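The values are calculated or read from the model by the stated rules, or taken from the named source; none is laboratory data. Since we're looking at a predicted model, the values are computed, not measured. No Cβ is skipped: glycine too gets one built from the backbone with ideal geometry, and neighbour counts run over all protein chains shown. Protein only, heavy atoms only, side chains kept; ligands, DNA and RNA dropped before computing areas. Shrake-Rupley method; radii C 1.70, N 1.55, O 1.52, S 1.80 Å.
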Amino acid sequence: MALSRPDLHAAVDAEILARGVEAGRSSADTSPSDPDVDRSASVAAATARAVAACVWQAGQPSGRPADWAGFGHVVPVLAASPGAGASVTAATVADALQISGRSVLMIDTADPSRSGLSRASAVDGPQVPGPHPAIRIRFSWRAQALLARAETTLPVLAPGMLPPPPFWRPGPRKIDVTVVDIGHDPWRVGAHPLLGAGAWLRGGKPAPIPILAVRPSTPSLAHAEQVLARFETWNRVDAVTLPVQLVVVGARRWPATVTATAGIRVQKLLDSAIFLRPDPELAAHGVTAGVTPPRVRSAVLPMLRRLELLSTDKPSRLRTPGPKDQAREKGGRSHDRPHHRGMADPATGPSIT
């Protein structure tokens, strides 16, 4: 192998930044001189290399199974195709768990500008340091669940710059379940799933419980087969855990003839698939600070019990929103603010700002 792993990731990240600089030059009305542009591209590339190498060193796998004890049960959520609904699935699962009294951590691995959870909290919380001075993690509240997002002062947060799992732990707070929105980037994640967002698929104790979100369509099932095939090689060497659950977003049942097109890997997940029924609010607005609708959450409860994430029915510790709450949410105010317990210090770490 000609390039080391950090060099390979740095090259990809540097190319992203360099192209951004070049695009800015070609679209500007008045362009700087060539030496200035070359200098900017050089600085961007050097910065990307330094950041990617630093992050890689911080998250370099030890070769031993991952220790997920501080995260409880880890539930990574992937999307088979763009817009398949990973963020909706992650929010629904997290809400169902927290309303059942579980302590939940939600992790958003997306580029901030492309995140499906960018509006999932009403108020931004404090930041904690990441593996590089230019990268930090912001903890906020979504009702009684913690929501963690990566932020950067750089022009872009490339996949290789994502902080490794240890940086996402919220201090001494006990976590029962960590729901990770990996979203749709299976080809990049599958290129080396032990780094970047793919690190959340790493085998360990307890073993992760990955979920694959799909749309009720033939193309989405074809993408799902490709995703499973991509990860299969890594699974054979016990590097990652394959998805164990299929979630169909935006349907009550399979359309006729669609399942007949499923590949051999997807077929194994068809019988246990669950369906998140269409919801006009979610379809129009995506995930907001308000908890997901009860009729959507109810669909995942049998799955959560089957996966032993919910052992028994427990009284709700979080008030289910009523009509007045929904009206406030439409007006731009979130109904989850009264439940922001302990907002002052959701995470510990040096230099919290």
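Assorted remarks:
- Residue-count net charge about TRP168 - beta-carbon cut-off 14 Å; Lys, Arg +1, Asp, Glu -1: +2
- Computed about its Cα centre, the charge dipole of region 75-168 is approximately 80 debye, with only Lys, Arg, Asp and Glu carrying charge at their Cβ.
- Compared with the alpha-carbon gap, the fully stretched path from VAL123 to ASP271 is longer by 49.3 nm at 0.36 nm per residue.
- VAL237 paired with THR153, simple spin-label distance in nm, labels 7 Å along Cα-to-beta-carbon: 3.8 nm
- Residues with amide H under 5 Å from that of VAL74, placed H, sequence gap 5 or more: THR178, ILE209
- Probe 1.4 Å - accessible area at GLU308, Å² to nearest ten: 140 Å²
- Working note: Karplus 6.51/-1.76/1.60 with θ = phi - 60° gives region 304-310 the couplings 5, 6, 5, 7, 6, 8, 10 Hz, where Gly and Pro are set to x.
- Taking 0.36 nm per residue of sequence separation and removing the Cα-Cα distance, the THR259/ARG306 pair yields an extension gain of 14.6 nm.
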